[in-house]
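The values are calculated or read from the model by the stated rules, or taken from the named source; none is laboratory data. Please read these numbers as outputs of a predicted model, since none were measured by experiment. Neighbour counts are summed over all protein chains in view; Cβ atoms, including those assigned to glycine, are modelled from backbone coordinates with ideal geometry.
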Amino acid sequence: MSQRRAAAKAFFSPVWRWLAACLAITLWGGGPILAQAAPPPTVPRHESTNVILISLQCLRPDHLGAYGYKRDTSPNIDALGKQSVLFENAISQANLTPVAQMSVLTSQYPRVNGMVSFEVDPAQVSQNTLPTILKHYGYTTAATISSPEFFMRYDTGSGAVVNPGDVFSRSFDYYGRTRRGLGGRSIRKVPAEALQWLTSNKDKKFFLWIASGLIHMPYAAAVPAPTQAMYDPAGYTPFWKALPLPKSESADSNDPSYEVFSRVFRNDFYLGFKPVYHLSNEDIDYVNARYDAGVRYTDLFVGEVLKLVESLNLTKKTLVVLQSIHGEDLGEQGNFFHYDVTDTVIKNALMMRFPEGEFAGRRMREQVQGIDILPTVLNYLDIPAPHEAQGQSLLPFLNGEQTALPNEYAYIDRLPWWEYTLSKWYLEFKNAQGDYFVPAEKEKLVEYQKMIKERFDKLEAPPGDIAIRSNEWKLVFRKDKALLDEVSWWNFISGSKQATDEIELYDLLKDPLEKTNVASSHPEVVAKMREKLSAWDKSIDQQKATYKKEDKHLIIPYP
Amino acid sequence: MHTLPCPRRFLGLIQALTLGATLCLAGPTLAATANANLPLKYKDYNIVLVSFDAMQAAHVHSLGYPKEITPTIDAMAKDGFNFTQAISVSSWTVPASMTWFTGVYPSEHRLLNKFAIYEPPVEKIANLKELAPSIITLAEVLKGNGYATGGFTGDAGVNGVFGYKQGFDVYFDEAKFGDMEDSAPRALTWLEENKDKKFFLFLHGYDSHGQCLPKEGLDRRFVDPGYKGKYTGSKEEQEALREEGLEKGAIQLDEADVAFWRAVYDEKINRVDGRFKKFVDGLEKLGIKDKTLFVLTADHGTEVYEHQRFDHGFSLYDELIHVPLVIKLPGQNLSGTIPEQVSSIDVMPTILDLLDVTMPAEAKQQMRGTSLAPAMRGETVNRDVFSETDYRLYTFKRSIRTKDGWKFVYTMETKAKELYNLKDDPHETKNLAATESRLAYELEQKLFAHFKSIGHDLTKETWKTGLSPVYPSQAKGWKKK
């Protein structure tokens, strides 16, 4: 009985509650007359509520005013935050964009939804995504995208045409993307097409996904003056201008680019396997200034979108979810980019503005995960969550119907290792783009490329590390430490043989930037979190889709 | 002593009501409506549960089959309560039958295949006591209430070794794929010895099954005399057709061959109806018929090429899960047609309710279905029902059949979804999962929620097809990889 009550309580929406009640009565032998339960008293919300999902790559919450940032980078997002419930500890399921975002769109951990690398077979990835489900309920679905991760690798080889049947684009009636060209060399612009789409489709019931890659490296490359340089330290010249870098597409520009920062390890800049420069605080400030300019410009765009929503009279019928896809390392540990599962990388901005202003101004300190977004949205819309969903609706918690923490522990896949992506296509892609390496490196690069390819070709699945996080502790487990050390890009570029720790434990309250591994001084915390982590890991491996179409039914034919 | 319903007291009223209502409405549930105030309690009455193994609902005349091949069943359906939309929890004998005796779904009693483990040389036969030790059986509850309990069966899928004999004083399972010519006389002999006690008798026969033939052979009473096809109606042919269908997914037969097999099936059904009549006559001779409640049903149907296969277990289409269900109460005029959907999961709570027995608390807790006595009083019982099969580890299917006429089938190992509108497409030929995607989506969630509510989170299980043979011939050539 109590089990039944608890289960019933988890259902929030009237329709689902009603269905559940009928089911419970059917199953548990209530009087047959009761089975004729009254239909839901109110119109389900999915009949008239639009959904806008704004997904921003590399957005660090602590670089937004709403999360306490010192600079005024985000007046519009801050205003949205006040009208929303804001999640202070929203954790990404992975450190790389396609992997992390597929977990949001399916509410499944990466190894369960099949999005385990940049080069997956589209057929292996779950098709039961948010737009797919919303289409069952009559939504018009559209996406406007400036993150090439959502079309470059999955849709067509060239990226010139978006194939509507593929991983991210499927189930979208319209899938718009930015292009290189007139507006600047980068396709990582703001996806301004969203504004036109909204204007022309305002009378439809819609789901609009706006995904922006503007904040991504090269920082502020697509931000026009004067915003681009507004936070620059006075009179600063980028340090790489004075270094003998090979000519490449972006290494000689002012934009902090991957070409430069993939050579920075522990704030040393390596060239020809030698540290040739140590980054100063001013250098790091400059990078942060350019990063912030990207945030600022993105915020202006978000402001435009929200202003348009208001002027089209859609605010009261539109659920707006704004999320980071993942964060970014900005030199705190001497690294840049989103290479690992540090809090700077996996902690997200997340706010949900409900149409009637429900929970406006609430700030939720409790940890939530990317996989909770879909069940929460569906729950609000009175749509049952798919049974495959591994996250949970946060509404019962916000309503006070449920007091238990939704996610005492969050689980993160560092998947795949960035070196895996290098081995599959990135190094080739970079080589094709320009003269990226100095002669001393080129020779060894061939060996390195060959070695990592060989190592990874032997594996059945892309390699990864796993992590577990509470608001107090984070434990990272390097599942194949020996291989990780062998293939390490940092070891390659620095010409060294630095070893990683198999287990890392960080005290997030005392050491939020995760500088000191305290695993050896907290064996009891390590034991407890490792146990939970490996139980999760095991259950994920069990749920991983293993069925292949060519598997034959084992039927012994009649002789 | 007995809380008799005293039907005679109501007779005049019922007749008047029935007549009047028939004139204006000709409604099917009128007699049931007239029973609205009956207590329907039969304390210390006898109970006979009959399983006509593999009898498809669509081949029973009182359920709409044009040929009158089932006069005995039809007569009881007319004099008793005829549930025209009774759905079995499974599509083959081993899992389906155990649900009558336990009141729980196959996922819960776990008698899902003949073998719990089949990894030669390790072969472990499934057994209720081992798989679900806390489950109490119908026979145990009735025995606890002073009933003599006897089971007389055709062996095979209801062999005592699976736990079917649990709670029975006597359990006959010695004739492999035996028919009622074997089981019914033994049942009557036992009744002669026990006729002065109150009893629970389970009577079962494979008469309609592909692996059972009349001892004297088929007389081809319904076969077109002009049939020139190659088939003779043998068990071996049936087995070959079954296996070919499983291997290829579908087989090709011409119309004449299908008609031949349907005629063979008709003959078998017609014969079992006659054998059952002899049994009922025997009861009458013993003078106990009026003290006896009858529940007639089938564990499942069978496929005669409806979806281009033969036999059963491998799908959850209606030819396999829609079964006859007749409840004949003692006395006259307690009758009605109940067109609302019910499930075989309701059989055990219904029997216990009608017999008004004391149920141990655990048994009450155990019941997933509900008594159908309210339906006999005219109350609404219509509901969504669930079925499942893990047949031979060849496939793992779960289905929901809704009270408003939809069926959604989910195949676990392929995640294939099927949705049928049974009103427009009773033969389940047009899969609407793609076009009615919202309904398919919602029924899928309901189906998974149902299994989760009975303690089986389907998302957390793995579905590996393999081999768990039911018939010895299947395991030939089997080598563990």
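Every residue, every condition in (1) among the acidic types (Asp, Glu); (2) in a loop (DSSP other than H, G, I, E, B), yes or no:
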position	(1), (2)
B:TYR164	no, yes
B:GLU181	yes, no
B:LYS197	no, yes
B:LEU201	no, no
B:HIS209	no, yes
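Residues of the range B:401-430 that are assigned to a loop (DSSP other than H, G, I, E, B), more than 23 Å from the chain's Cα centre (by Cα) and either within 14 Å of chain A (Cβ to nearest Cβ) or buried (at least 17 other Cβ atoms within 10 Å of the Cβ) (or both): B:MET412, B:GLU413, B:THR414, B:LYS415.
Annotation: A:LYS450 fulfils all but one of (1) assigned to a helix (DSSP H, G or I); (2) touching a residue at least 24 places away in the same chain (Cβ under 8 Å); the unmet one is (2). In the range B:373-390, the qualifying residues are those that are part of a helix (DSSP H, G or I) and within 11 Å of another protein chain (Cβ to nearest Cβ), and the one that is surrounded by the most Cβ atoms within 10 Å (Cβ to Cβ) is B:ALA375. The set of residues in the range B:253-305 being surrounded by fewer than 23 Cβ atoms within 10 Å (Cβ to Cβ) and assigned to a loop (DSSP other than H, G, I, E, B) consists of B:LEU253, B:ASP254, B:LEU286, B:GLY287, B:ILE288, B:TYR305.
Does B:LYS446 satisfy being in contact with a Lys or Arg (Cβ under 7 Å, 6 or more places away or on another chain) and either in contact (Cβ under 8 Å) with a residue 24 or more places away in the chain or surrounded by fewer than 20 Cβ atoms within 10 Å (Cβ to Cβ) (or both)? No; evaluated as a whole, the condition is false for this residue. Taken together, B:PHE222, B:PHE177, B:PHE260, B:PHE202 contain a single residue that is within 30 Å of B:ASP281 (Cβ to Cβ) and over 22 Å from the mean Cα position of the chain (by Cα), which is B:PHE222.
Test A:SER494 against the criterion of being in contact with a strand residue (DSSP E or B) (Cβ under 6 Å, 6 or more places away or on another chain) and under 21 Å from A:PHE336 (Cβ atoms), and give yes or no. Yes; evaluated as a whole, the condition is true for this residue. Summed over the range A:463-477, the residues that are over 18 Å from the mean Cα position of the chain (by Cα) and either over 24 Å from A:THR342 (Cβ atoms) or surrounded by fewer than 23 Cβ atoms within 10 Å (Cβ to Cβ) (or both) give a count of 6. Candidates are the residues of the range A:231-254 that are over 18 Å from A:ASP283 (Cβ atoms) and surrounded by 15 or more Cβ atoms within 10 Å (Cβ to Cβ); the one that is modelled with the lowest pLDDT is A:GLU249. The number of residues in the range B:311-342 being within 14 Å of chain A (Cβ to nearest Cβ) and of a type in the set (Ser, Thr, Tyr) comes to 1.
Just to be sure I understand, how many residues within the range B:449-472 are within 8 Å of chain A (Cβ to nearest Cβ), free of Cβ contacts under 8 Å to residues at least 24 places away in the same chain and not basic (Lys, Arg)? Count: 4.
Taking the range A:355-380 as the range and being under 19 Å from A:THR42 (Cα atoms) and surrounded by fewer than 22 Cβ atoms within 10 Å (Cβ to Cβ) as the test, the residues that pass are A:PRO355, A:GLU356, A:GLY357, A:GLU358. Whenever a residue of the range A:270-296 is of a type in the set (S, T, N, Q), its partners that are modelled with pLDDT of 95 or more, lying with C-beta atoms within less than 7 angstrom and at least six residues away or across chains, give the pairs A:ASN288/A:LEU330.
Against the numbered list (1) among the small types (Gly, Ala, Ser); (2) within 14 Å of another protein chain (Cβ to nearest Cβ); (3) surrounded by 20 or more Cβ atoms within 10 Å (Cβ to Cβ), B:ALA250 comes up short only at (3).
On the stretch given as the range B:343-372, residues that are within 10 Å of chain A (Cβ to nearest Cβ) and either closer than 17 Å to B:PHE202 by Cβ or buried (at least 19 other Cβ atoms within 10 Å of the Cβ) (or both) total 10. With the structure loaded, tell me whether A:GLY334 is surrounded by fewer than 22 Cβ atoms within 10 Å (Cβ to Cβ) and at pLDDT below 95 or whether it fails that test. Judged against the criteria, A:GLY334 is a match.
Hey, can you tell me all the residues within the range B:307-358 that are of a type outside the set (A, V, I, L, M), part of a loop (DSSP other than H, G, I, E, B) and under 19 Å from the mean Cα position of the chain (by Cα)? Those that are of a type outside the set (A, V, I, L, M), part of a loop (DSSP other than H, G, I, E, B) and under 19 Å from the mean Cα position of the chain (by Cα): B:HIS312, B:GLY313, B:PHE314, B:SER315, B:TYR317.
Among residues of the range A:385-398 that are under 13 Å from B:TYR441 (Cα atoms), those with a beta-carbon under 6 Å from a residue that is of a type in the set (A, V, I, L, M, F, W, C) and crowded, with 20+ Cβ neighbours inside 10 Å at least six positions away or on a different chain give the pairs A:ALA385/A:LEU378; A:HIS387/B:PHE448.
Apart from one condition, A:TRP209 fits all of (1) under 27 Å from A:GLN196 (Cβ atoms); (2) touching a helix residue (DSSP H, G or I) at 6+ places or on another chain (Cβ under 6 Å); the exception is (2).
Residues in the range A:406-435 that are at pLDDT 90 or above and either aliphatic (A, V, I, L, M) or assigned to a loop (DSSP other than H, G, I, E, B) (or both): A:GLU408, A:TYR409, A:ALA410, A:ILE412, A:LEU415, A:PRO416, A:TRP417.
Being within 14 Å of chain B (Cβ to nearest Cβ) and not in a loop (DSSP other than H, G, I, E, B) is the requirement here; does A:PRO98 meet it? Criteria not met by A:PRO98. Return yes or no: is B:ALA475 within 11 Å of another protein chain (Cβ to nearest Cβ), farther than 28 Å from B:GLU108 by Cβ and hydrophobic (A, V, I, L, M, F, W, C)? So B:ALA475 does not fit the description; no.
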